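Written below as structure tokens is the structure these notes are about.
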Amino acid sequence: MKQGFVKVASATPWIRVADPVYNARAICTQAKEAAEHGAKIIVFPELCITGYTCNDLFLQNLLLKKAKEALLTIAEETSRLEALLFVGLPVEKDGRLYNVAAAVYRGSILGMIPKKNIPTYAEFYEGRYFTPGEERITNFRLGEYEVPFGTNLLFCCEELPELVLGCEICEDLWVADPPSTSHALAGATVIANLSASNETVSKDAYRELLVKSTSARLLCGYIYTSAGEGESTQDLVFGGHNLIAENGTLLAQSSRFATGILYTDMDVLKISSERRRMGTFGKQPTVSYCKIPFSMELTETRLERKFAAHPFVPEDPALRNRRCEDILSIQAYGLKKRYEHIGGKTAVLGISGGLDSTLALLVTVRTFDLLGLARKGIIAVTMPCFGTTDRTYENACLLAKTLGTTLREVDIREAVTGHFADIGQDMECHDITYENGQARERTQVLMDIANKENALVIGTGDMSELALGWATYNGDHMSMYGVNAGVPKTLVRHLVQYYADTCGQEELSKVLKDVLDTPVSPELLPPVEGNIAQKTEDLVGPYELHDFFLYYMLRCGYAPDKVYRIAEETFAGKYDAKTIKKWLKNFYRRFFSQQFKRSCLPDGPKVGSVALSPRGDLRMPSDACARIWLDRLEEI
């Protein structure tokens, strides 16, 4: 449970209807198996101690008595397990019968949660037996224990305060105002649902939708465990369809028509971080809650959940293509609005033959097509200087011509050489002044052409470069509208690839694919034997690592050691631990030191859940200190 990772299990045992003795043994066997696997929270189905399909047998005193004895047996048999169990059984209290979930931990019954919404429609006839549970907390006498009884119980881990569990039962999820809403607002980060949902055609899809949408709406983890084999098939079939979701993402689901245990890891720190970020999450409920503490040792969870190596890029090709189309549209319509506002008909942008400027040009072309403006109004400027190679120069020129834009060439070597003479810069000294002087000259050329042509300068820099500050201040850092500002480097490549695959123009597709094969470089140092001498990723680190770091730091609120841990597992076999730590330290150092560049960014559209605009998602002081983040890395 260190770093907020909690292994949870959804367990459906093979039961016998109306045989609590047998069922208790089956539950204990699965509980021990799940605990050995590392599960700290184990959720069993609704009424699993007796079986959901007992019908009028629920009215038999003997069955109710044996169900209570079975619960005590389960508590005793699992007393050495470091796991909180939720098991279902019928309980008679004050002359009424309740459908109850019992929370069992280390030999004790911590609480009993009665089902609040009792279905009496279609195939369900629970109202014949069960009374709806109440929010008010009372006590239930069970052997020598006084057990808290009521729907408004929360179970709070003392060692991991972010782990707070609430519980609801089957139909409670399907109603308009489920108890889980109040539970989450009262602080529950994980909801357990003990269910007996029978199978009908397409019901599994609706069930999945409910679980995912509830976890998204409540910003919580949701463990849904359903009854399976062993239940009576007199009129219904139960498939044991178990689902575990977190913040709208389905982490795991079982195959139907099978019994067994479903495992995954929940991240309760991420849930808490998301709630802090969402200022509209909600107020505390007006009803009162009883919070029951339990103590659980903090251990390192062996992770089963996988983290996407490229979190900004969907793995599924069809989804990736839809995402690319959406992003290109967001970029183009953002720029379209700006042109409609100013009444402009001309655009200026620098093209280098690299990925970023290629994407910016493609977006600008799409924008002009939407506006019904001639593509000749797009002035694509190539500005060769000391580091330009024949390959990138030729690709830039061919790209501009193939797209039907206006190509201009402004060789800036002489201007930069004169400028260096003015400031006393040695031409043989290839330092930061040598590099940035070229970048600022290019920006000056673009800005002046824009003034001359009554045009906007379209920015080409991407979000990954902004995160690292890999941009020349008031050079490529500046524009009049930055269409790539919300697009990370790993996604830029796929956007260009998507355009190449769908443009329907062989010549354009060919040049785009050659751009994709070109190493990422600012081309500010002289070539070596005609090849690019300066490769960005050799200097700042692999962009796939930096995009990974950026996503999990900003989107998920992960601390440096947690980012390091999941990066080490995700990139095992590709990058060793030393390399990951080296570039992670570089990421944090640059992210904090370069905020001043992000504080004065030009306008540009947000396209995803992570963005760096100082007017939108990232309001960060330019002089914030990175010390505690870097110190945490040193502790690894």
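Any chance you could give the angle, 0 to 90 degrees and rounded to 10, that helix 20-36 forms with the longest Cα principal axis of the chain? So the helix axis and the longest Cα principal axis differ by about 30 degrees. Take the Cα of Leu539, step 7 Å toward its Cβ, do the same at Thr579, and the gap between the two points is 2.1 nm.
For the chain, relative contact order (Cα pairs under 8 Å, six or more residues apart, normalised by length) works out to 11 percent. Within straight-line reach of Lys66, meaning a Cα separation under 20 Å, sit the following lysines at least 8 residues removed in sequence or on another chain: Lys93.
Solvent-accessible area assigned to carbon and sulfur over the chain amounts to 49 percent, based on a 1.4 Å probe.
Summing Lys and Arg as +1 and Asp and Glu as -1 over all other residues whose Cβ lies under 11 Å from the Cβ of Gly107 gives a net charge of 0.
Between the residues Val363, Thr12, Leu71, the greatest Cα displacement towards the positive end of the dipole of the chain, with unit charges on the Cβ of Lys, Arg, Asp and Glu, is found for Leu71. Once you've got the Cα coordinates, tell me which of Lys2/Lys212; Lys212/Lys585; Lys32/Lys68; Lys7/Lys578 are over 30 Å apart. Distance filter (> 30 Å) returns Lys212/Lys585. Placing +1 on the Cβ of every Lys and Arg and -1 on the Cβ of every Asp and Glu, with no other charges, gives the chain a dipole of roughly 1100 debye about its Cα centre.
Any chance you could check the Cα centroid distance between segment 312-333 and segment 1-44 for me, in angstrom? Centre-to-centre (Cα) distance: 41 Å.
Please say if segment 447-486 is rounded, prolate or oblate, where rounded means a/c under 1.5 for a ≥ b ≥ c the square roots of the C-alpha gyration tensor eigenvalues, and otherwise the choice is prolate for a/b larger than b/c and oblate otherwise? The shape class here is oblate.
Taking 0.36 nm per residue of separation and subtracting the Cα-Cα distance, full extension of the segment from Cys429 to Lys306 would add 39.6 nm. Under the rule a/c < 1.5 gives rounded, and otherwise a/b versus b/c splits prolate from oblate, where does segment 282-398 land using the Cα gyration tensor? Prolate. For the chain, the longest principal axis of the C-alpha atoms and the axis of helix 390-402 are separated by about 80°. Once the Cα atoms are used to define both axes, helix 506-516 deviates from the longest principal axis of the chain by about 80 degrees. Counting only DSSP H runs of at least 4 residues, each contributing -39500 (n - 2.57), and dividing by the residue count of the chain, the helix-based mean residue ellipticity at 222 nm comes to -12000 deg cm²/dmol. Each peptide in 164-176, 126-138, 458-470 was scored by the mean count of other Cβ atoms within 10 Å over its residues; highest first, the order is 458-470, 164-176, 126-138. Packing order of peptides 23-31, 372-380, highest average first: 23-31, 372-380 (average count of other Cβ atoms within 10 Å over each peptide's residues). Solvent exposure of the chain amounts to 42 Å² per residue of accessible area, where only protein heavy atoms count and the probe is 1.4 Å. If the segment from Leu209 to Leu630 were pulled out straight at 0.36 nm per residue, it would be longer than the present Cα-Cα gap by 147.5 nm.
Per residue, the average separation of C-alpha pairs within less than 8 Å and at least 6 apart gives segment 343-482 a relative contact order of 28 percent.
Tell me which of Val515, Thr280, Val528 sits at the most positive position along the dipole axis of the chain, charges placed on C-beta atoms (Lys, Arg +1; Asp, Glu -1). Farthest towards the positive pole: Thr280.
The Leu62 and Ser108 beta-carbon pair, evaluated with R₀ = 35 Å, returns a calculated FRET efficiency of approximately 0.85.
Ranked by the mean number of other Cβ atoms within 10 Å of their residues, highest first, the peptides 597-604, 550-557, 181-188 fall in the order 181-188, 550-557, 597-604. So I have (1) 198; (2) 251; (3) 175, and one of them is volume of the Cα convex hull per residue in Å³ calculated from this model. Which one is it? Checking each listed value against the structure points to (3).
When the square roots of the Cα gyration tensor eigenvalues are ordered a ≥ b ≥ c, the ratio a/c for segment 224-320 is 1.5 or more and a/b does not exceed b/c, which makes its shape oblate.
The values are calculated or read from the model by the stated rules, or taken from the named source; none is laboratory data. Note that the structure is predicted; figures quoted are calculated from it, not measured. As a convention, Cβ positions derive from the backbone with ideal geometry for all residues, glycine included, and neighbour counts pool all protein chains shown. Remember, those area values only see protein heavy atoms, side chains included, never the ligands or the DNA or RNA. Shrake-Rupley method; radii C 1.70, N 1.55, O 1.52, S 1.80 Å.
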